[in-house]
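The values are calculated or read from the model by the stated rules, or taken from the named source; none is laboratory data. Keep in mind it's a predicted model, so treat the numbers as computed, not measured. In this analysis, Cβ positions are derived from the backbone assuming ideal geometry, glycine residues included, and neighbour counts consider all displayed protein chains. Just the protein is used for accessible areas: all its heavy atoms, side chains included, with ligands, DNA and RNA removed. Shrake-Rupley method; radii C 1.70, N 1.55, O 1.52, S 1.80 Å.
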Amino acid sequence: DTRQGFFICLTEFLRQSDTKYADVANVMSGSLRIAAGTASKSEEADFLLGRLLTITAVLRADIVPDTDREDVLSELLTIAKARNYLLLPVFRLLVEHFVPLGGEPLLVILKSFNLEKMDIDILYLLLSLIGKDEELVSAKVIELLGVKEIWGKRALTIYSRVLSSANAPSSVVARHPLLPLLVATLVKKGVLQKFWQALSSDMTVANNSGLT
């Protein structure tokens, strides 16, 4: 894939050169942004992907100053909301480069997505945030989900329904980063059996076939 080749080269170039993040940001502003309504959906998608790959490169090259991380986070959240298929690539970046830092960005990320429409991508991000600092995010998670406890019966039912209703082939679900994180988290919290009970009771022939 040509774009992947360019992305790898860009990342290595940024790692080995004296290029500043500000220089890359200026190029993105001038070359990878289009006015609303001036391009087709496919062209908009290409520009979004270009911005995402560029941001990935600067993050992995570790050239983003602390003073610009908030702007980069905002840009990633905007990209994630623009196309559903960009959610997981963006979430992986957030988990890799922002979640480990903890603090206020965790709440910024959490408030950016509608948990009422949670899918396996959003659940993956949610569990990553909880895993980093449950004490910090728990109150907001409880509020957004409308539950009493993060690991209570109602919350576990919500998580199980997200998994059982995943709108993806079983092979895709099996490779999704949610599964190992979910199992590890449930075991750590001692609620794996309760989760399985919720999942089993919610299964139908239709959705169970997608998980076997």
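Quick look at the numbers
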quantity	calculated
Relative contact order of segment 56-170, defined on C-alpha pairs under 8 angstrom at six or more residues apart (%)	20
Neighbourhood net charge (13 Å Cβ-Cβ; Lys/Arg +1, Asp/Glu -1) for Thr54	+1
Top of Val99, Val27, Val72 by mean-square fluctuation, Gaussian network on the chain, Cα under 10 Å	Val27
Residue-normalised accessible area of the chain, given per residue in Å² at a 1.4 Å probe	56
Average Cα contact separation per residue, segment 1-101, under 8 Å, 6 or more apart, as relative contact order %	31
For Leu136, net neighbour charge (Lys/Arg +1, Asp/Glu -1) across residues whose Cβ lies under 13 Å away	-1
Length-normalised contact order of the chain in % [C-alpha pairs under 8 Å, at least 6 apart]	15
Mean shadow area of segment 127-168 over all directions, Cα convex hull, nm²	3.2
Restraint check, Lys132/Lys194; Lys140/Lys194; Lys41/Lys117; Lys81/Lys140; Lys81/Lys148; Lys117/Lys153, Cα-Cα greater than 26 Å	Lys81/Lys148
Helix-derived mean residue ellipticity, 222 nm - over the chain, DSSP H n ≥ 4, -39500 (n - 2.57), to 500	-21500 deg cm²/dmol
Translational D in µm²/s for the chain (Stokes-Einstein at 20 °C, 1.002 mPa s, Kirkwood Rh from C-alpha pairs)	114
Cα shape, segment 78-190, gyration tensor, a/c 1.5 rule	rounded
Carbon + sulfur, % of accessible area of the chain - ligands and nucleic acids excluded, 1.4 Å	54
